[in-house]
Every structure is written in structure tokens, then in C-alpha cells.
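Student: Right, I'll just put the structure down here and ask away after.
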Amino acid sequence: MFLSVFDMFKIGIGPSSSHTMGPMVAAARFLDLLRQSPFRPAGLRASLHGSLAFTGVGHATDRATILGLAGFLPDSYDADRAEEALAHIRATKRINADGLPPLIFDPGTDLVFDYGPPLPGHANGMILMATDAQGDVITQETYYSIGGGFIATGAELTAGTHTASRPGTYPYPFESAAQMLGMARKSNLSIAEMKRANELAHRSHSELDHDMGVIWQVMNACIERGLATDGILPGGLLVRRRAKGIHDALLAERGMNLNPPHTINDWMSVYAMAVNEENAAGGQVVTAPTNGAAGVVPAVIRYWLDHVPGASVSGVGDFLLTAAAIGGLVKHNASISGAECGCQAEVGSASAMAAAGFCAVMGGTPEQVENAAEIALEHHLGMTCDPVRGLVQVPCIERNGLGAIKAVSAASLALRGDGRHFVPLDSAIETMRQTGEDMSEKYKETSLGGLAVNVPNC
């Protein structure tokens, strides 16, 4: 099993990796299928199922699907070009995609939200269809958005060959935390060093360091935009951006020497909230491992760099590599999808990743790193995904702040010990998988339960 650091940390757009980025990637992939098809398509249709239908409007799934069919991708997304393309599609009822003829597509009738039972493979399912001039379907494919921007066709999901795992030979192919620790002891390498060796099977040292530097630059730029921007978030809930006001107050208090010890929690929270306010506004973010949990890892990195003596940006790579190793284990053995396992799979996974990364750069042993990840994940078990009105705003934004605080606390506890602990990380991951399997669908990103139905949403 190998999941790259760049699988766990992907540059994309908000508000959701599963519901925005995934459908966009799936739609663009469908275009590639059509370009290779012997049939000449005349039109397009799409149907959204399960969680993609229930919270699709709040997560801009319809918009992302249309833009994907027009050839847009998350990592190269241009907001101005996207608006122009959407306006043209609405006006002409045509989609122009490279390498294909103009395709009939009426957003009002050719994109359907199906609120019936979800498709069999995953809670996030969609069917994309190409039609002939008479409107008959000539090609169709089922795609599943399986969390963190990963997608799979129905056949790939059944065969276990989807893009969430890269084939090949790697020096340290651990599939569990127990294997990871065993390899660390045998090799006398850190988790980051083993992860780096795996990455170098496919890219050079300079490419790896450069690309990880870009990931951190995008994360940090997202924090900075969030700290500098106020106003009301889109979607109709009239949620105010709070990060800028909190950050301004923290800076003012610092100048007045008003710094009670608990204020450090506000710094961690404000960095995370800045990211998730940007995500809620549809801005550029990095999946970490998802958009809904995108604030936790960068917040803990920024806390480390700004508030911990001796921290250096040269260590960010080790932080990301260690975090990615933990995220890969969760993805492989359970899920990072809120539609599959609730928010324990999103913010819980992110907190475990951040705890591991922070513990590593603070000098923790592999055993302490594994302990830090376990503590953080254990104390998110059972957390539901219940966004009000299907928007990645309430409770998602604050939840990232608390996930960052838990990550730092978990790492600190682990560093106070010698790595020996009662509950293995593998057990916590398996518990999360079982809990998600047993969890009612109304608590898994459908907005049919929890806070989504118990607070005013207009």
C-alpha cells in the first residue's frame, strides 16, 4: 500500500473535497472516456446520489460537476474563467470541452439530484451519461467520490484498483501502524525518513522538497487570506467570518502584554478557522486530508513555526511526511470520508495527522508519534458530520480549531511518555471504521440529523 504525501495533501478548491473536488475530477475523467469512445456524443447528463444529492447544493456539487464537464480541474482552477464558462453554459445550453463537439447540456434539466437510496458502492455516488442526437444514452459511467478528492469508478471500487492506492515497489510498504513501527525499529529510521524513501521511488530529492514547499506555501497563503478577510460567508446562513477579528484582537492584546496562558488556544483556533472560512467561501485550500478538515494540519504547523522556540520552516517537510503516513493508514484501513464515517473520519483523521507531525518535529520517537496520533483520533471517535444546511460552516469551522488544539495536546501527552500506551493506533482506526459502519446515515454528511435539524438554518 502506498499513498503519496501529494495524495493526502492536494491543492484544490472549497468547500468540499468529496462534494466539490471529487465530482469535478470525475466529470473531467468522463470527458477523457468520451474522447476515447468510438461513439460521437451530442449531449451530456448527470445524476447525483446519496450524500452528493442531499448536501450537493450547499457544497456546490452541481456547479463542480458542470465545470468538470467543461474541462476544469481543482488544481488549476481559475475562478474568473469558471464564472465565464458557467454563464456561457446557462445561456447557450451547450458545453464546449477540448477534443469534443459542442455538447447539449441544460443545467436545469440535465443535472438531477436523486434523493432516493444511495448507489451501492459508496454514499457519494454520481452517474455521468453521454447521449446521441436523439437523446438516447450511448455511454455512461458511475463514479464514487470516496473522500479527500479521491474518485473511483464502480468497477474500480469493486476490484480495489481505484486511485487511492498507487501500485509499485517501495522500500517501506507498511499497511498498519504495527508494521510501520516494526520497520522503523528494524531500519533505525524515523517515520518521515521511511516515508521520504517511499516518495523517492517516484521523484527526485529536489522535486520532493520543492513540491512539499509548494504545499506549505498554499496552506500558509490560505491562512493569511483568512486572517485578512472579513464579511459574510456565502450560502444563506449569514455566518460571519471571525478569524480576522480574533486575530486583530490577539495582536492588540500581545502589544498590551495581556497574554494569559490559555490564549495560545485562541492562536491555534484562529489559524484553523482562517483556513476553513476560506474553504467555506470556495477559495483555494489544500486537502488535509479533506477540505472540511483542511484547517487542522496547517494551523498546527503555523502554531509550531510562530510560537515554539527553535522551530524552522526546514522541518515542515518532515511534518507533512509524518502526517501523510498516518493519514494513509487511516485512509487504507478505515476512511477519511464524512459521508462514510462521519466527522471522526475528517477532523478526527486530520487531528491524528497533525498530532503525529507535531510530535515528530518536536523530536518524538516513532513510538511517541504513533501514540500522539492514537490519542488524537481516540478522542474524536463517534463524531458525527451534521453540517447545517449542508454548508461546510457550522459546526465545521470551529471544529477545525478544536481539532488543532486536541492535536497539540495529544502530541504533548505523548512526548511526556516513552511511547508505551494501552490502545494501539491500529485499534483506534478499526474502531473508527466500525463506528462509521454502525452510524446512522442521517449523521453522515446528509444534513438530516444532529445540529443540521436542531438549530435555525435560515
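Each value in this text was obtained by applying a stated rule to the coordinates, not by laboratory testing. Note that the structure is a prediction, hence the values are computed from the model and not measured. Positions of Cβ are backbone-derived with ideal geometry, glycine not excepted, and every protein chain shown enters the neighbour counts.
Student: Round to the nearest 10 and give me the degree value, 0 to 90, for the angle of helix 79-92's Cα axis relative to the longest principal axis of the chain.
Tutor: Long axis of 79-92 versus the principal axis of the chain: about 20 degrees.
Student: On C-alpha positions alone, give me the angle between the axis of helix 396-415 and the longest principal axis of the chain, in degrees, nearest 10.
Tutor: Tilt of helix 396-415: around 30 degrees.
Student: In percent, what relative contact order does the chain have, based on Cα pairs under 8 Å that are 6 or more apart in sequence? Intermediate values should be presented prior to the final figure.
Tutor: Details: 951 pairs, mean separation 84.4, N = 458.
Computed over the chain, the figure is 18 percent.
Student: Given a cut-off of under 8 Å on Cα pairs at least six residues apart, what relative contact order in percent is computed for region 17-159?
Tutor: Values: 274 pairs, mean separation 52.8, N = 143.
Across region 17-159, relative contact order equals 37 percent.
Student: Considering the dipole of region 17-159 built from charges on the beta carbon (Lys and Arg +1, Asp and Glu -1) around the Cα centre, which of Thr139, Ala70, Leu34 is farthest to its positive end?
Tutor: In region 17-159, that residue is Thr139.
Student: Continuing with this model, one more query. Could you let me know the centre-to-centre spacing of region 172-197 and region 346-383, using Cα atoms, in angstrom?
Tutor: The distance from the Cα centre of region 172-197 to that of region 346-383 comes to 16 Å.
Student: Tell me, rounded to the nearest percent, the portion of alpha carbon pairs in region 318-365 spaced more than 14 Å apart. Intermediate results must be reported in sequence, preceding the final value.
Tutor: Values: 523 of 1128 pairs.
Here the long-distance tail beyond 14 Å is 46 percent of all Cα pairs in region 318-365.
Student: Roughly how many debye, to the nearest 20, is the charge dipole of region 17-159 about its Cα centre, given +1 on each Lys and Arg Cβ, -1 on each Asp and Glu Cβ, and no other charges? Walk me through the numbers on the way to the answer.
Tutor: Numbers: 9 positive and 15 negative charges, 27 e Å.
For region 17-159, the charge dipole is close to 140 debye.
Student: Computed FRET efficiency, Cβ-Cβ of Leu258 and Ala197, R0 35 Å: what is it to the nearest 0.05? All intermediate terms of the calculation are to be shown ahead of the outcome.
Tutor: Working: r = 47 Å, r/R0 = 1.35.
Efficiency, from the Cβ-Cβ distance: 0.15.
Student: Using the Kirkwood radius over C-alpha pairs as Rh, can you work out the diffusion coefficient of region 1-142 via Stokes-Einstein at 20 °C, viscosity 1.002 mPa s, in µm² per second?
Tutor: Numbers: Rh = 15.4 Å.
Approximately 139 µm²/s, per Stokes-Einstein.
Student: Quick one: helix 263-280 against the long Cα principal axis of the chain, what's the angle to the nearest 10°, folded into 0 to 90?
Tutor: 10
Student: Next up: Tell me the trypsin sites (Lys or Arg not before Pro) within region 355-443 that lie in a loop according to DSSP and have at most 14 other beta-carbon atoms within 10 Å.
Tutor: Arg416, Arg420
Student: Quick one: which of Lys244/Lys331; Lys186/Lys331; Lys186/Lys406; Lys244/Lys442; Lys10/Lys195 span more than 22 angstrom between C-alpha atoms? The partial results should precede the final answer.
Tutor: Working: Lys244/Lys331 33 Å; Lys186/Lys331 25 Å; Lys186/Lys406 31 Å; Lys244/Lys442 33 Å; Lys10/Lys195 17 Å.
Violating the 22 Å Cα-Cα cut-off are Lys244/Lys331; Lys186/Lys331; Lys186/Lys406; Lys244/Lys442.
Student: What aspartates and glutamates does Lys444 reach when the alpha-carbon gap must be under 16 Å and sequence neighbours fewer than 8 apart in one chain are set aside?
Tutor: Hits, sequence-local ones excluded: Glu340, Glu346, Asp386.
Student: Right, something else. Label point 7 Å out from Arg40 along Cα-to-Cβ: which residues of region 128-157 have amide N under 12 Å?
Tutor: 133
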